[in-house]
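The values are calculated or read from the model by the stated rules, or taken from the named source; none is laboratory data. For clarity, every value in this text was computed on a predicted model and none was experimentally measured. Every residue, glycine as well, gets a Cβ built from its backbone with ideal geometry; the counts of neighbours run over all protein chains shown. Keep in mind that these areas ignore ligands, DNA and RNA; they rest on the heavy atoms of the full protein, side chains included. Shrake-Rupley method; radii C 1.70, N 1.55, O 1.52, S 1.80 Å.
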Amino acid sequence: MGTWNDYLEQNQPRFFAELLDFLRIPSISALSEHAADVQRAAEWVAARVTAAGMEHVQILATGGHPVVYADWLHAPGKPTVMIYGHFDVQPADPYDLWTSPPFAPEVREDRVYARGASDDKGNMLVPILAVEALLKSQGALPVNLKFFFEGQEEIGSPQLGDFIPKHTDLLACDMVLSSDGGQWSEEQPLVLVGLRGGCGVQIDVKAAKADLHSGMYGGMVQNPIHALTTIIAGLHAADGRVTVPGFYDQVRPLSAQDRERIAQVPFDAAAEKASLEVPGFFGEAGYTPRERIWARPTLEVNGIWGGFQGEGVKTVLPSEAHAKITCRLVADQNPTQIVELLIDHISRQVIPGVTVSVKPLAFRAYPYLVPEDEPGNVVVREILHEIYGVEPFYVRSGGSIPVCSLFQRHLGAYTASFGFALDDENIHSPDEFFRLSSFRKGQSAYCTLLERLGR
Ligand SMILES: [Zn+2]
């Protein structure tokens, strides 16, 4: 039968051709005219995992874009590992900035260029190929395995918040490995140990029934933009702290070890400032820029609108003003509770002459931190160390991956990130590419990882 390594080597040309096929499907989840393509990508994935030897392959409806499920559960006494990834992609415009068309994959210098090459089709095909190599070379897997691939990650997985709690038996597992991630560099691996969460509200301030003449009413009727900016200005102290009562109550403080690990990850402040073209950094006092991004919550005004913004002068007293606000949250804050705190705090502001209303926005993700001894992450760290020859960085994400929070909340399973994307691969941008070296390296890394998890 040979080893999985032989199998991988013998089948690289076919695997590469399959990657190109997969990349040709324009499975853009954000655009409704591509809904059939997202479905087609689901069918492609279902057929591919069937060919790999997985069982109970299903395309499941979610009310939005579908998910693909498959399993292989013949390793009694071994852990059940679920591998996650997504087969939808970001829109590809502006098309004229692509060197080759986004859905006509092209290889240049051992890199494949296409929308979704790195995020996440190239990365999610990797574990499927690894599983095929293990099954075809050994006739069995070292662990019980489930695949859970979704078609709506790039639009924030809107239906999975309902789908996952309704399918906890089907998806039950001991740990999740996510193919939707990357490494620090070609030489430096990372272990993802934390994610920020998020939530948001919209503030609507209303004064008169319509815009008024500022000469006839200015001074007598409250200006809702003034009222709104007063509210917004009160949400932060001068030192950057959020002033909403209770906002920080559930925040897990940084330990000395946390701070040391964060400080080990290189951060070139001068280069970062220059590349962003900002005169300086600003954030909560008492924390380094990276601690502020990775380990502290924030409250951000994303947009504010109202009144006249056209050419010239219009002496108007606006009738309304609005703002959208989102927060990034850290463990152990609860987004539902933070929304309540925000609504409560903002609604209490007494500003004469206007009515203020606050409503939640459709953005809610739980933050989390992976425990130090979580078995998935422990093994991932070992294997990455072996492959790269250096200790991985312990990295947190300033962003949110809502699905990982859902796995943790509803399945009790932490997600270990095990992907091979690199930061320069233009994900979500023109000329997205994936290194074919990563495509190959990932396959043997997944075989080794699954074997190790089976011990
Ligand atoms: Zn992704």
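Being part of a helix (DSSP H, G or I) and buried (at least 17 other Cβ atoms within 10 Å of the Cβ) is the filter here; which residues of region 423-437 pass it?
So in region 423-437, the residues part of a helix (DSSP H, G or I) come out as 436-437.
The answer is L436, and nothing else.
Residues considered: A92, A130. Of these, the only one that is touching a helix residue (DSSP H, G or I) at 6+ places or on another chain (Cβ under 6 Å), open to solvent by less than 10 Å² (accessible area, probe 1.4 Å) and small (G, A, S) is A130. Applying a threshold of 8 Å to beta carbon distances and a minimum spacing of six or more residues, or different chains, the list of pairs starting in region 110-122 at a residue that is among the hydroxyl-bearing types (S, T, Y) and ending at one that is within 9 Å of the ligand (Cβ to nearest atom) and open to solvent by 10 Å² or more (accessible area, probe 1.4 Å) reads S118/A421; S118/I427. Counting just the residues of region 109-126 that are among the basic types (K, R) and open to solvent by less than 10 Å² (accessible area, probe 1.4 Å), which one comes out nearest to the ligand (Cβ to nearest atom)? Filtering first and then ranking leaves K121. R241 falls short on exactly one of the conditions (1) closer than 26 Å to L406 by Cβ; (2) open to solvent by 70 Å² or more (accessible area, probe 1.4 Å), and that condition is (1). Within region 281-291, one or more residues are under 28 Å from the mean Cα position of the chain (by Cα), among the β-branched types (V, I, T) and crowded, with 16+ Cβ neighbours inside 10 Å.
The residues of region 244-267 that are of a type in the set (A, V, I, L, M) and surrounded by fewer than 16 Cβ atoms within 10 Å (Cβ to Cβ), listed by number, are A256, A263, V265.
Among the residues of region 202-214, those that are touching a Leu at 6+ places or on another chain (Cβ under 9 Å) and open to solvent by 50 Å² or more (accessible area, probe 1.4 Å) comprise D211, H213.
Check region 330-340 and report whether any residue there is more than 29 Å from A256 (Cβ to Cβ), part of a strand (DSSP E or B) and of a type outside the set (F, W, Y). Scanning region 330-340 turns up no residue that is more than 29 Å from A256 (Cβ to Cβ), part of a strand (DSSP E or B) and of a type outside the set (F, W, Y). Just one of the numbered conditions (1) under 25 Å from D6 (Cα atoms); (2) more than 14 Å from the ligand (Cβ to nearest atom); (3) not aromatic (F, W, Y) is not true of H56: (1).
When A70, A46, A75 are checked against the criterion of being farther than 10 Å from G151 by Cβ, away from the ligand (no atom under 16 Å from the Cβ), open to solvent by less than 40 Å² (accessible area, probe 1.4 Å) and assigned to a loop (DSSP other than H, G, I, E, B), A75 stands alone in meeting it.
Residue by residue, here is whether (1) in the same structural domain as S438 (by TED's automatic domain parsing); (2) open to solvent by 40 Å² or more (accessible area, probe 1.4 Å); (3) modelled with pLDDT under 95 holds:
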{"residue": "I325", "(1), (2), (3)": "no, no, no"}
{"residue": "L329", "(1), (2), (3)": "no, no, no"}
{"residue": "Q333", "(1), (2), (3)": "no, no, no"}
{"residue": "T355", "(1), (2), (3)": "no, yes, no"}
{"residue": "P375", "(1), (2), (3)": "yes, yes, yes"}
{"residue": "H385", "(1), (2), (3)": "yes, yes, no"}
{"residue": "S397", "(1), (2), (3)": "yes, no, yes"}
{"residue": "S400", "(1), (2), (3)": "yes, no, yes"}
{"residue": "C404", "(1), (2), (3)": "yes, no, yes"}
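With the structure loaded, tell me whether A413 is of a type in the set (G, A, S), over 23 Å from T448 (Cβ atoms) and touching a strand residue (DSSP E or B) at 6+ places or on another chain (Cβ under 6 Å) or whether it fails that test. No.
In region 90-101, which residues are within 16 Å of the ligand (Cβ to nearest atom) and out of contact with any Leu (no Cβ under 9 Å at 6 or more places or on another chain)?
Just the residues of region 90-101 that are within 16 Å of the ligand (Cβ to nearest atom), to begin with: 90-92.
Those that are within 16 Å of the ligand (Cβ to nearest atom) and out of contact with any Leu (no Cβ under 9 Å at 6 or more places or on another chain): Q90, A92.
Please pick out the residue among P253, P245, P266 that is within 24 Å of the chain's Cα centre (by Cα) and under 24 Å from N334 (Cβ atoms). Can you show your working first?
On the way: P245 fails: within 24 Å of the chain's Cα centre (by Cα); P266 fails: under 24 Å from N334 (Cβ atoms).
P253 is the lone residue from the list that is within 24 Å of the chain's Cα centre (by Cα) and under 24 Å from N334 (Cβ atoms).
Output the residues belonging to region 385-422 that are in contact with a Leu (Cβ under 8 Å, 6 or more places away or on another chain), outside any loop (DSSP other than H, G, I, E, B) and among the aliphatic types (A, V, I, L, M). Within region 385-422, V395, V403, L406, L411, A416 qualify.
Out of everything in region 1-36 that is open to solvent by 40 Å² or more (accessible area, probe 1.4 Å) and not in a helix (DSSP H, G or I), what residue ends up being modelled with the lowest pLDDT? Checked region 1-36; the qualifying residue modelled with the lowest pLDDT is M1. Taking the conditions (1) more than 16 Å from the ligand (Cβ to nearest atom); (2) more than 22 Å from F418 (Cβ to Cβ) in turn, P158 satisfies each one other than (1).
Which one of these is more than 14 Å from the ligand (Cβ to nearest atom) and within 21 Å of the chain's Cα centre (by Cα): L171, L145, L134, L129?
Values: L145 fails: within 21 Å of the chain's Cα centre (by Cα); L134 fails: within 21 Å of the chain's Cα centre (by Cα); L129 fails: within 21 Å of the chain's Cα centre (by Cα).
Every option except L171 fails the conditions.
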